[in-house]
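**Q** Let me give you the structure first, and then I'll get to my questions.
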Amino acid sequence: MPKLNLHRPDYVTSMLGQLSSSQLHQRLDPIVTPPTKKLPRNPYISDRTIAKRWEVLNNINSQTVLYDTATQQQQHCYEKNIENFIGSVKLPLGVAGPLKVNGIFASGEYFVPLATTEAALVASYHRGALLISEAGGASAILLNEGVTRAPGFAFESLVQASKFITWVTTQYDTFKTIAESTTRYGKLSDINLSMEGNHVYLVFEYLTGDASGQNMVTISTNAVFEYILANTPIKPVEAFLDCNLSGDKKATAQTLRSVRGKKVTAEVHLSRELVKKYLHTTPEKMVDFGKMTTVGGALSGTIGVNAHYANALAAFYIACGQDAACVAESSVGITRMELNQQDGLCVSVTLPNLMVGTVGGGTHLPSQKACLELLGLYGSGQSQALAEVCAALCLAGELSIIGAFCSGHFAKAHHRLAR
């Protein structure tokens, strides 16, 4: 048992020590009473339900800000994206660029919208974008695509689990037909089996077209899941639609090697002069920084090695109508720096889990659609290009923040821009 240090108590120990037993009971014991106010049961958007929600909330100042005239005029756009709607939140939006991308799908200069409340973030990505563009652009390649859902089945014994697997391996064509009957765009591309004792996991992998596809693969897999439960000759003791093997909204070592969403790699070659001009440091120092932080990441148990993919992805996802929670898996990846044969610096990024789309989800909402249109990447046929731009954006951010650490400007920039 760990020893309690009473000379330096933590916050909870300090607070509990100030309360008597009766005070603890008074504060912590549940009191079963009906709520004094209730929101209307109907979760959908209508003038009537919104008015009733604000009656319950009873805060005219907040209502004026959150349910402004523009939001009222556009509220029908949000019907498939939210429940218990009361208004909209406005975030500062900045732009970084031009960012030149030489990709398989993305080609040209892009001004990238970023929605954030963190000072210095847009400035950092803007600096990196200008550096990449002056160097001729970032090369980018979409390597793979796939979105997964992983139901699990528990059996009484290994023998039953093995018999279930034998049956499943004969059903691929049937599963594929059922899964694809629920969607116009999704394609079941593979099913992987994983057995752990008497538990069996089926990892369904899909191509989802230009949508990021989380809802698509859930609905398709559920149709197969229900077919399995109705038709399997070996009945499971328990079964669940997803059992945490898909990597959905989580950082996992599995997806570092495979793919969830879109897997993209990007690189740029920088001359020594450009490194000095934009980052005020040397290629050697940036390579040394990379070596030391790789060890630091290993010591901390980090999955992948990067400086701050999450900063770019959160701001980019919010601005462009992506699922912001997917930053959890999308920010897993590897940044690598090395000296090139021209006495300059080669920097590459690999992001195996970019959950991005240009249709569906929040991409059709007014502000988010406007941001995608600013990029020229709204609608069908644009999701692969969006992923390559996203990887190049992360590359720009890595260059800028690593340069700031190497030159000693990191704290100074935040002090200047955030105060």
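The values are calculated or read from the model by the stated rules, or taken from the named source; none is laboratory data. Remember, predicted model here, so these are calculated numbers, not experimental data. We place every Cβ from the backbone using ideal geometry, glycine too, and count neighbours over all the protein chains shown. The protein model used for the area step is the full one, side chains on, heavy atoms only, and it has no ligands, DNA or RNA in it. Shrake-Rupley method; radii C 1.70, N 1.55, O 1.52, S 1.80 Å.
**Q** Given the condition part of a helix (DSSP H, G or I) and within 28 Å of the chain's Cα centre (by Cα), answer yes or no: does some residue in segment 58-70 qualify?
**A** Residues of segment 58-70 part of a helix (DSSP H, G or I): 60-66, 69-70.
Then drop every residue that is not within 28 Å of the chain's Cα centre (by Cα), which leaves 66.
Within segment 58-70, one or more residues are part of a helix (DSSP H, G or I) and within 28 Å of the chain's Cα centre (by Cα).
**Q** Quickly run through segment 366-393 and pick out the residues that are over 23 Å from S331 (Cβ atoms) and assigned to a loop (DSSP other than H, G, I, E, B).
**A** G376, Y378, G379, S380, G381
**Q** Could you please tell me which pairs satisfy a Cβ distance under 8 Å, a separation of 6+ or placement on different chains, a first residue in segment 61-72 that is at negative phi, and a second residue that is open to solvent by 90 Å² or more (accessible area, probe 1.4 Å)?
**A** L66/V89
**Q** Filter segment 71-81 down to the residues that are surrounded by 14 or more Cβ atoms within 10 Å (Cβ to Cβ) and either within 23 Å of the chain's Cα centre (by Cα) or more than 15 Å from R53 (Cα to Cα) (or both) and list them by number.
**A** Initially, segment 71-81 is screened for residues surrounded by 14 or more Cβ atoms within 10 Å (Cβ to Cβ), giving 71, 75, 77-78, 81.
Residues satisfying the conditions are T71, C77, Y78, N81.
**Q** Considering (1) under 18 Å from the mean Cα position of the chain (by Cα); (2) farther than 30 Å from A106 by Cα; (3) not charged (D, E, K, R), say which one G296 fails and leave the rest.
**A** So the condition that G296 fails would be (1).
**Q** A follow-up question, please. Among the numbered criteria (1) surrounded by fewer than 16 Cβ atoms within 10 Å (Cβ to Cβ); (2) farther than 25 Å from L131 by Cβ, which one does E273 miss?
**A** E273 satisfies all of (1) surrounded by fewer than 16 Cβ atoms within 10 Å (Cβ to Cβ); (2) farther than 25 Å from L131 by Cβ except (2).
**Q** Could you list all residues from segment 20-49 that are more than 27 Å from T71 (Cβ to Cβ) and in a helix (DSSP H, G or I)?
**A** S21, S22, Q23, L24, H25, Q26, R27, L28
**Q** Let me ask another. Surrounded by 24 or more Cβ atoms within 10 Å (Cβ to Cβ) and more than 30 Å from K187 (Cβ to Cβ): which single residue out of A319, A315 fits that description? If you could, list the steps in order and put the result at the bottom.
**A** Working: A319 fails: more than 30 Å from K187 (Cβ to Cβ).
Criteria check complete, one pass: A315.
**Q** Please give the helices (runs of 4 or more DSSP H) falling wholly within segment 276-352 in which 3 or more residues are touching a Ser or Thr at 6+ places or on another chain (Cβ under 8 Å) and at pLDDT 95 or above. Full working, then the answer.
**A** On the way: elements: 283-300, 309-319, 327-330.
Of the helices (runs of 4 or more DSSP H) lying wholly inside segment 276-352, those with at least 3 residues that are touching a Ser or Thr at 6+ places or on another chain (Cβ under 8 Å) and at pLDDT 95 or above span 309-319.
**Q** Of the residues N244, N306, N215, which single one is under 18 Å from Y201 (Cβ atoms), touching a residue at least 60 places away in the same chain (Cβ under 8 Å) and not basic (K, R)? Talk me through it step by step, then tell me what you get.
**A** Numbers: N306 fails: under 18 Å from Y201 (Cβ atoms); N215 fails: under 18 Å from Y201 (Cβ atoms).
Criteria check complete, one pass: N244.
**Q** Could you grab me the full set of residues in segment 245-258 that are open to solvent by 10 Å² or more (accessible area, probe 1.4 Å) and either part of a loop (DSSP other than H, G, I, E, B) or within 22 Å of A392 (Cβ to Cβ) (or both)? So that I can check it myself, show each step before the final result.
**A** Keep residues of segment 245-258 that are open to solvent by 10 Å² or more (accessible area, probe 1.4 Å), which gives 245, 248-254, 256-258.
Within segment 245-258, L245, D248, K249, K250, A251, T252, L256, S258 meet the criteria.
**Q** Moving on. Just the residues that are among the hydroxyl-bearing types (S, T, Y) and open to solvent by less than 20 Å² (accessible area, probe 1.4 Å), please, taken from segment 222-238. Don't jump to the end; show me each part of the working.
**A** The first filter runs over segment 222-238 and keeps only residues among the hydroxyl-bearing types (S, T, Y), leaving 227, 232.
Within segment 222-238, T232 is the sole residue that qualifies.
**Q** Here's another thing I want to ask about it. State whether one or more residues within segment 366-376 are over 24 Å from Q75 (Cα atoms) and either crowded, with 19+ Cβ neighbours inside 10 Å or hydrophobic (A, V, I, L, M, F, W, C) (or both). Full working, then the answer.
**A** Our first condition is that a residue be over 24 Å from Q75 (Cα atoms); within segment 366-376, this holds for 375-376.
Okay, now just the ones that are also either crowded, with 19+ Cβ neighbours inside 10 Å or hydrophobic (A, V, I, L, M, F, W, C) (or both), so 375.
Yes, because at least one residue in segment 366-376 is over 24 Å from Q75 (Cα atoms) and either crowded, with 19+ Cβ neighbours inside 10 Å or hydrophobic (A, V, I, L, M, F, W, C) (or both).
**Q** Further, regarding this structure: Could you list, in sequence order, the residues of segment 202-221 that are open to solvent by 50 Å² or more (accessible area, probe 1.4 Å) and not hydrophobic (A, V, I, L, M, F, W, C)?
**A** Just the residues of segment 202-221 that are open to solvent by 50 Å² or more (accessible area, probe 1.4 Å), to begin with: 207, 215, 219.
Within segment 202-221, just N215 meets the criteria.
**Q** Of the residues Y185, Y110, Y125, only one is at pLDDT below 95 and in contact with a strand residue (DSSP E or B) (Cβ under 9 Å, 6 or more places away or on another chain); which? Steps first, answer last, please.
**A** Values: Y110 fails: at pLDDT below 95; Y125 fails: at pLDDT below 95.
Just one listed residue meets the conditions, Y185.
**Q** Taking segment 318-363 only, how many residues are under 21 Å from A115 (Cα atoms) and among the charged types (D, E, K, R)?
**A** So the count comes out to 2.
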